[in-house]
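*Asks:* Mind looking over this structure? Questions follow.
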Amino acid sequence: MANGGRKLDLILNDIETNCEPSRYAAACLPFMVECASLIESELPRIAFESLQTAKSYLRQEAGTVSVQQALSECWRELDKKKRTTSFDDPEVCAIRAVICILHDQVHSEPDDLVDRMSNFLEILNGVVPREAEQESLLRLYFSGCI
C-alpha cells in the first residue's frame with residue numbers, strides 16, 4: 001500500500017484528530033462494508049457470504065449470533081489450510097478483511113481508529129488495490145471530520 005496507503009493513513013489521522021470517537025465510530029462499519037463491496041467479485045465464497053451477513057447486520061436484518069457464526073466460519077476456512085497469516089495470498093487477505101468487519105460488529109472498539117482502519121485497508125488492498133476509491137469513501141463517510 002506504498003504511497004496510496006500513506007495518504008490514506010494521513011486522512012485517517014485527520015479523522016481521529018478532528019472528530020470525537022463516537023462520531024467516527026458510527027461511520028467505521030458502513031465504510032468498511034462499502035470498501036469490501038468494491039471488490040465483492042474477487043471474494044472467495046466464504047468471504048462473499050460473510051460479507052452479506054455483515055451487510056444484513058448493518059440493515060438490522062441479522063443479529064450478532066449470525067455475525068459470530070460467519071466470523072467462526074471464516075476462521076475455520078483459514079485454519080483448514082493453516083493460512084491464517086499468509087498475507088501474500090489474496091484469498092487469505094479477502095477472508096481476513098471480512099473478519100475485520102465481522103469482528104468490529106460484535107466487538108465495539110472505537111479507539112485506535114488509525115491502526116484498525118489502516119490495518120483493514122492494507123489487508124483489503126492485498127486482494128485488489130482500490131486506494132483511490134477508498135480515499136473517496138473516506139471523504140464521503142467522514143466528511144465532517146476531514
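Each value in this text was obtained by applying a stated rule to the coordinates, not by laboratory testing. Note that this is a predicted model, so its numbers are computed, not measured. Cβ: placed from backbone, ideal geometry, glycine included. Neighbour counts: every protein chain shown.
*Asks:* Using alpha carbons only, how many degrees (0 to 90, rounded to 10) separate the axis of helix 113-124 from the longest principal axis of the chain?
*Replies:* Rounded to the nearest ten degrees, it is 50.
*Asks:* To the nearest 20 Debye, how big is the dipole of the chain about its Cα centre, given +1 on the beta carbon of each Lys and Arg and -1 on that of each Asp and Glu?
*Replies:* It works out to roughly 320 debye.
*Asks:* Once you wrap a convex hull around the alpha carbon atoms of region 2-145, what is its projected area averaged over all directions, in nm²?
*Replies:* For region 2-145, the mean projected area of the Cα convex hull comes to 7.9 nm².
*Asks:* Oh, and also: For helix 21-37, report the angle its Cα long axis makes with the longest principal axis of the Cα atoms of the chain; keep it between 0 and 90° and round to the nearest 10°.
*Replies:* Relative to the chain, helix 21-37 is tipped by roughly 50 degrees.
*Asks:* If pairing requires two Cys Cβ atoms under 4.7 Å apart, which cysteines of the chain are left without a partner?
*Replies:* Lacking a cysteine Cβ partner under 4.7 Å: C28, C35, C74, C93, C100.
*Asks:* Another one. For the chain, what is the mean residue ellipticity at 222 nm derived from helices alone (per DSSP H run of n ≥ 4: -39500 (n - 2.57); sum divided by total residues; nearest 500 deg cm²/dmol)?
*Replies:* Computed mean residue ellipticity for the chain: -23500 deg cm²/dmol.
*Asks:* From a point 7 Å beyond the Cα of S41 in the direction of its Cβ, which residues of region 126-146 have a backbone N at a distance under 15 Å?
*Replies:* Within reach of a label on S41: 128-130.
*Asks:* Moving on to the next point. Each residue of region 81-95 in turn: what ³J(HN,Hα) in whole Hz from Karplus with 6.51, -1.76, 1.60 and θ = phi - 60°, glycine and Pro shown as x?
*Replies:* 10, 6, 10, 4, 10, 8, 6, 8, 9, x, 5, 5, 4, 4, 5
*Asks:* Between 0 and 90 degrees, rounded to the nearest ten: what's the tilt of helix 45-58 against the longest Cα principal axis of the chain?
*Replies:* For 45-58 against the chain, the angle is about 50 degrees.
*Asks:* Which one of A70, L102, I39 has its Cα pushed farthest toward the positive end of the charge dipole of the chain, where Lys and Arg give +1 and Asp and Glu give -1 at the Cβ?
*Replies:* Among A70, L102, I39, the one farthest towards the positive end of the dipole of the chain is A70.
*Asks:* Then there is this: Report the label-to-label distance for E20 and W75 in nanometres (one decimal), using points 7 Å from each Cα along the Cα→Cβ vector.
*Replies:* Modelled inter-label distance: 3.4 nm.
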